[in-house]
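Enquirer: Here it is, the structure in full.
Rule-based calculations on the coordinates, nothing more; no lab input. Since the model is a prediction, treat every value here as computed from it, not as a measurement. Cβ: placed from backbone, ideal geometry, glycine included. Neighbour counts: every protein chain shown.
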Amino acid sequence: MDFFIGSYMCFKLTKNKFAMFIVMGVLANGVLIYWLFGLGTSQQVYLRNLIFSDIVLEQQSVDLNQAIEQGFKRDTDVSRYLDFIHPNALKVLKDKTYQSDRELSLAILGVIGQADGSVCGLQSLGKTVFETLRGKGCCSDYSKAWLFYANFLGMQAREVSLFNHTSVEYFDRATGRWHWLDPFNRIEIVNARGQVMSLLDVRNAPFDDYLQIQKLLTSVNSFDANEYIGYSRAQMGTVFWRLGVNFLEVEALDTHLQAWGLPKNVRQLVLLVAGVQPRWLMLTTQSDYFYYKLLKSLIMMFLWLLLAINVVWLIVAFLLGKKVFTKYRDQSSA
């Protein structure tokens, strides 16, 4: 409190240029940090995913599924999902017995709605689950809605992304393999034998392998999946798996942050820093590996330096502001 009062007094009463410089410096750094994480959508995603990711080189002998499972965040009480699930959708899903995880995955696809691309980045969990039924939301919203239902119904599922597109994977117990699914465009990819593939399978498949992009349910007929950059093999040099589906935990804190009037990109940053929102596991190629490692190191060094400068500025401003406030208080009492 003394810092803010002292800063105000420095500005309004003493016109102390040094104190004003300190206050303006702190504000400028706050604006810079806000700008850094509030760039255009693609830049923001690049920065955020990179900083909060564990980077794995494709040539490292790592069991990715096991690495993803380590520390994977889940909600412990999915019964509370009923507060967010549309009752009509729940009735549709509960009225039928499903013979396989794939059959259930398609049933979920049928109840979350089909996107019209009119809105992107729904603000809350409730809006995500309900608004997708009306066609609202982008790829991340539809993936989240699909995962929400899958988690509630006991499926083992996770979010998987390229830099420019978000989708999901689920574990099919009948085949013992992970299957990739795009809830936004209603797409899956199969090989020449008709097997549904995971995104890692697609990424690692030889370029001469026959892979078919398969539309599901009522996919938009005008959508040309083969021309869509989100499925380009060239874009798969770097893949992200989000390490959790703890929707209720994230929503609880995010609701408080919304009450403070914070914009979505700032709330996401706070959730990540607080360790509530899951981080990512990044798999990248040899050519990208050192670039991302270097970029991440430079960004982290820059942020730590910025933090150190801010701390010094805050200490100096606090001491100076306290001195000015004490002097002003003594003059007022005299």
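Enquirer: Name the residues whose placed amide hydrogens come within less than 5 Å of the amide hydrogen of Q214, ignoring near sequence neighbours (fewer than 5 apart) on the same chain.
Expert: Long-range HN contacts for Q214: E188, I189, V190.
Enquirer: May I ask which of K73/K94; K94/K264; K264/K322; K215/K296; K296/K322 have a Cα-Cα span longer than 30 Å here?
Expert: K94/K264; K264/K322; K215/K296; K296/K322
Enquirer: In angstroms, what radius of gyration and Dmax does the stretch 59-284 have, counting Cα atoms only?
Expert: Rg then Dmax for the stretch 59-284, in Å: 17.1, 53.
Enquirer: Can you tell me how much longer the chain between S100 and Q60 gets when fully stretched, taken as 0.36 nm per residue apart minus their C-alpha distance, in nm with one decimal?
Expert: Extending this stretch completely gives an extra 11.1 nm.
Enquirer: Along the stretch 125-131, what does the Karplus equation 6.51 cos²θ - 1.76 cosθ + 1.60 (θ = phi - 60°) give for ³J(HN,Hα), rounded to whole Hz, x for Gly and Pro?
Expert: 5, x, 5, 4, 5, 8, 5
Enquirer: Apply 1/(1 + (r/R0)^6) to the Cβ-Cβ distance of Q286 and Q258, taking R0 = 56 Å, and write down the FRET efficiency to the nearest 0.05.
Expert: 0.85
Enquirer: Something else about it: Once you have the Cα-Cα distance between R177 and M301, take 0.36 nm times their residue separation minus that, and quote the gain in nm to one decimal.
Expert: Stretched fully, the R177-M301 segment lengthens by 40.7 nm.
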